[in-house]
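Working notes for the structure below.
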Amino acid sequence: MSSFTKGLKKVEVALKWDPSPIGTPPHDLDIVAAAYTSDDPGSAPAYVVHFDSRSPDGTITLNRDSTTGQGFGFDEVMTLELERLSSSYARVVVGIAIQQGERATVFGAVANTAVRIREGYTDLAQNDFSEVADSTAAVIAEFARDDSGEWAFREVLRGFDSDPASFAAAMGRAH
């Protein structure tokens, strides 16, 4: 699974899922983005944006954060203003993590999950996590700046079996 789109400016990542059945703990899925510097695009992220945060310069923002999946359509939305991101950043990796309670929850146990990545009205990618149904987190996209300064998109789907904090630390490492 790899599609390339170049010259991106402002991208939206949207996530949806159905609420958990009555009487069971709510499922809480989160969009996570990690920015990597030009000096070392394959090591630890310079910063991570997730629930209740945004990038230091305001270019990556979680606009809506759902903790239950209640609502219509896409309940959680993150905006990446790539054209405004400092030239010191060469790569942004985006993933989805499931907040873990007493028992590990995997994508296959959450009803009607879907993620959509788009620029304007153009869908760049959509996925339902069926290929990583046994995972607790997944990388879904990578944005990289080329030598001319343009941002390119590569669709990725790589599952992880880790808690959200460990996932955020490892999501951008080469696989």
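The values are calculated or read from the model by the stated rules, or taken from the named source; none is laboratory data. All values derive from a computational prediction rather than experimental measurement. A quick note on method: Cβ atoms are made from the backbone with ideal geometry, for glycine too, and the neighbour counts reach across all protein chains shown. Accessible surface areas use protein heavy atoms only, side chains included; no ligands, DNA or RNA. Shrake-Rupley method; radii C 1.70, N 1.55, O 1.52, S 1.80 Å.
Some notes on this structure:
- Over the chain, volume per residue of the alpha carbon convex hull, in Å³: 106 Å³
- Volume in Å³ per residue [convex hull over Cα atoms, computed for the range 114-157]: 73 Å³
- Accessible area (Å², 1.4 Å probe, nearest 10) - Asp161: 130 Å²
- Whole-angstrom gap from the range 81-123 to the range 145-175, using each part's C-alpha centre: 10 Å
- Net charge dipole, the chain: roughly 220 debye, given to the nearest 20, about the Cα centre with Cβ charges of +1 for Lys and Arg and -1 for Asp and Glu.
- FRET efficiency for Asp52 and Asp146, using Cβ-Cβ distance with R0 set to 41 Å, rounded to 0.05: 0.80
- Farthest toward positive dipole pole in the chain [+1 Lys/Arg, -1 Asp/Glu at C-beta], among Gly159, Ala35, Thr136: Ala35
- Largest to smallest accessible area among Thr105, Thr59 [probe 1.4 Å]: Thr105, Thr59
- The fraction of accessible area contributed by carbon and sulfur in the chain is 48 percent, rounded to a whole number (1.4 Å probe; ligands and nucleic acids excluded).
- Using θ = phi - 60° and Karplus 6.51 cos²θ - 1.76 cosθ + 1.60, couplings along the range 99-104 (whole Hz; Gly, Pro as x): 4, 9, x, 5, 10, 5
- Note on Lys10: aspartates and glutamates with a C-alpha under 13 Å away, same-chain residues under 8 apart excluded, are Glu81, Glu83, Glu119, Asp123, Glu150.
- Phe51, Phe72, Phe153, ranked by accessible area, largest first (probe 1.4 Å): Phe72, Phe51, Phe153
- Residue list for the range 74-91, given a label point 7 angstrom along the Cα-to-Cβ vector of Asp40 and an amide N cut-off under 17 Å: 88-91
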